[in-house]
Amino acid sequence: MSKKLIVVSGALAFLALVGAGVWYLQVSKPTTTVHNNVSTTNDTVVVATYSATLSYQQGDVRVSQDDADWVKVETDAVLHEGDGVKTGENSKAIIELENGDVVRLGNLTEISFVYTNEIAVSILQKIGQTYHRVVKSQSRVYQVVSSFGSAQAIGTAFDVNVTDLSMDVNVVESTVKVKSSEEEEQIGEGKSAKLAKNATVPEVSDINSETLKNEWYAWNKEEDQKKQLDLGVLDPESTTNTSTDDEEADETPAATPTLTLSVAEETKALKLTWELTNGTAPQGFKLVRSESENPVFPGNDYQYVSSGDARTYSWEMQDGKAYHFRVCVYNGSACTVYSNDVTKTAPKEEVKEEEEETPTYTGPNLSVKAEESGVGLWWQDKSTVPGFKYYKVVRSETNSDLKYPDDSYIAVKNKGEENYRDTTAAKNTKYYYRICAVGDQVWCGQVGEVTAVTTNDVPKAVTLSATYASGAVTLTWTKSTESDFKYYKIVWSKVDATPTYPEDGYVTWLPLTTLTYTDEGEIGGSRDSVADFSTGTHYYSVCVVDQVDQVACSNTKTVKNGVVQ
């Protein structure tokens, strides 16, 4: 079964931005634990990537997908690994990942998702301010990286502000690990770390309590309260130490907004009428219903009224059931104020028995074609799957009856994107493809079978040289000329005189423009203990890997008792 590799080609551009002196994620080969949606093939960790949703936007919010131009998209647009998001003046956005992680963007902010998968979520922040609520996990890394350093979540909530001069990290709740070019430090709740330009160590201090009262933190506090999350230092009763410049100012509470709802029966609908007092609804209203008392959004059936001036809505229903109704003020991501609960029975339509039909749906109609540039897929979807969300492009080398979610997928596409080119298909390999429309139910079309004819020669090997000094081995190699280069794998072994990848694992991986690496013997990659190069024999090679995972390894360099052979 094939899944998308953790290390995507977009990570190369990310590493080039961060530079050799900044901490970046290295995913090591697992030794004992493999999670439910993680599998291993030939000792290489493979996972399916998370998607993300632009759940809220205000002002000028733009998205770049597949390195395309920045464009505006609709709220609830689906984002993927490698996509970028930026905000303009007086703008903000909320992005929610499939696993529950949340990123909130302030104005004039730009980020890109380098990794979004089961093992790692890594976000490159170029400029601006972000707030992160991270689902706690013992097996997944969540980090934010800039040109000044990185912040890795140990707990659940922290804030990152990147300017032209520094990266400032404020820990709102639990703990964060920050790292500059030379030093790593773990800071706790209520602490702030500054990673300044040209500085080698983080500057740690208490968060200024006055800072926590500004509009940015007030918004994030409000969002966290909606989800009943631990507020950390944003809780006024928190005992965490923060610094104070002045005494707290008196605050006069605003009048509480209220909603009053009534429901009346119409011929084929129920008419909802409401009044809003002491408040406004610039993002409109959500009308919710349930057979149980006090329905909520999200969670129950709803209708969306986008106009903040609206005060009535006719909800068509003819099932004769008794429902509870409420209306709420919608802020773009959740409800802030709810009305009273009203119970009303819907009118019942008399339907002739012969007219009753069980709705049926068909999956997308798929066409596949093997070409030198990859396997092309095109489909038509004339079905009306209720609650449609997206298409899953499912691929297998062995299962001719593949389907989602039982089998892995290689891409996610929206309505209007009914085509995909699989450039990772290996030449002379037979594949099965299927397009599944995902909504309230999953409907998969017919299976397409094809043997790939992708023109992709094995990469040419590079030439490796080595030196030893001060207990470390420095490797230098010629630059690869591979057109679809993915990365270099630095391979080390104490037993194999001609080490190769993936058979002998790897110490680290590097982008195309990096042509030297100094190995100080630290633990990393497939190396599970510190290496001492002054004794014993150590073998090295540098392997070139292309986009379809074809490998070519260099000549071997041997270091014996601290001497390069």
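Some observations on this one:
Let's see how each residue does on (1) farther than 29 Å from residue 395 by Cα; (2) buried (at least 17 other Cβ atoms within 10 Å of the Cβ):
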site	(1), (2)
446	no, no
456	no, yes
516	yes, no
522	yes, no
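- Within segment 395-422, tally of residues that are over 19 Å from residue 50 (Cβ atoms) and among the basic types (Lys, Arg): 3
- Filtered residue count, segment 40-54, keeping only those that are at pLDDT 95 or above and surrounded by fewer than 20 Cβ atoms within 10 Å (Cβ to Cβ): 1
Yes or no, residue by residue, for (1) hydrophobic (A, V, I, L, M, F, W, C); (2) at pLDDT 95 or above; (3) surrounded by 24 or more Cβ atoms within 10 Å (Cβ to Cβ):
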{"site": "129", "(1), (2), (3)": "no, yes, no"}
{"site": "166", "(1), (2), (3)": "no, no, no"}
{"site": "181", "(1), (2), (3)": "no, no, no"}
{"site": "187", "(1), (2), (3)": "yes, no, no"}
{"site": "196", "(1), (2), (3)": "yes, no, no"}
{"site": "211", "(1), (2), (3)": "no, no, no"}
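- Against the criterion of being touching a His at 6+ places or on another chain (Cβ under 7 Å), surrounded by 18 or more Cβ atoms within 10 Å (Cβ to Cβ) and hydrophobic (A, V, I, L, M, F, W, C), residue 545 does not qualify.
- Test: residue in segment 181-195 that is of a type outside the set (A, V, I, L, M) and within 26 Å of residue 91 (Cα to Cα): yes
- In segment 213-239, residue farthest from residue 96 (Cα to Cα) [restricted to those that are among the basic types (Lys, Arg) and at pLDDT 90 or above]: 221
- Condition check for residue 181: in contact (Cβ under 8 Å) with a residue 60 or more places away in the chain and either of a type in the set (S, T, N, Q) or in contact with a His (Cβ under 6 Å, 6 or more places away or on another chain) (or both): yes
- Pick from segment 419-428, criterion of a type outside the set (Gly, Ala, Ser) and modelled with pLDDT under 90, ranking: surrounded by the most Cβ atoms within 10 Å (Cβ to Cβ): 422
- Among residues of segment 461-495 being under 14 Å from residue 510 (Cβ atoms) and of a type in the set (Val, Ile, Thr), the one that is surrounded by the most Cβ atoms within 10 Å (Cβ to Cβ) is 491.
- Hits in segment 427-447 (condition: closer than 28 Å to residue 381 by Cα and assigned to a loop (DSSP other than H, G, I, E, B)): 429, 439, 440, 441, 445, 446, 447
The values are calculated or read from the model by the stated rules, or taken from the named source; none is laboratory data. All values reported here derive from a predicted model rather than from experimental measurement. No Cβ is skipped: glycine too gets one built from the backbone with ideal geometry, and neighbour counts run over all protein chains shown.
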